[in-house]
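No lab work stands behind these numbers, since they all come straight from the coordinates. What you see is a predicted model; the values in this text were computed from it and never measured.
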Amino acid sequence: MSSTAFFLQRLNDHIVYLTKIKTTLDDKGDFCGTDFHACKLGKWLYGEGKDQAAAVSDEMLTELEKLFEPNKAFHDASATAIAAHTEGHKKAEDSAFTEMHLLSNQLVTLLLEMDRMAR
């Protein structure tokens, strides 16, 4: 985590995931999503993330802690969107995808703040 590019890469990973879900919802792909522990951000959060953030500062650790809930909720919403799409429930699909975007904004804001703090 010595480089601020680290947080920008996590941000990019997140956007790629969101794009893959959207591609599936548009019937142009077959990405089914992953568990919140298994995405690149989740692997870091549930792996070495806490230790790395704590090594930077208590403030960084506090920001990292804020990522857990929206990351899980984002993955829950993506699973809901995919399931609704599969079942042909367009309104539920759209609602879940909107929720994904709201949660995505939270995650992006937190990652950008962590990038700022790492400078």
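Taking the chain as the region of interest, the number of lysine pairs whose Cα atoms are within less than 24 Å, with members eight or more places apart or on different chains, is 23. Evaluating 6.51 cos²θ - 1.76 cosθ + 1.60 at θ = phi - 60° for every residue in the range 17-25, the Karplus couplings come out as 4, 4, 5, 5, 5, 4, 4, 5, 5 Hz, glycine and proline recorded as x.
3J(HN,Hα) couplings calculated from phi for the range 56-62 with the Karplus curve 6.51 cos²θ - 1.76 cosθ + 1.60 (θ = phi - 60°) are, in sequence order, 7, 5, 5, 5, 5, 4, 4 Hz; Gly and Pro show x. In a solvent-free Debye calculation with one equal scatterer on each Cα, what is log10 I(q)/I(0) for the chain at q = 0.11, 0.19, 0.22 Å⁻¹, listed in the order of the q values? Calculated log10 I(q)/I(0) at the listed q: -0.37, -0.94, -1.17.
Amide H contacts for His37 (H built 1.01 Å from N in the peptide plane; partners 5 or more residues away or on another chain; cut-off under 5 Å): none found.
Counting pairs of alpha carbon atoms under 8 Å apart in space and at least six apart in sequence, what relative contact order in percent does the chain give?
Averaging sequence separation for qualifying contacts and normalising by length gives 34 percent for the chain.
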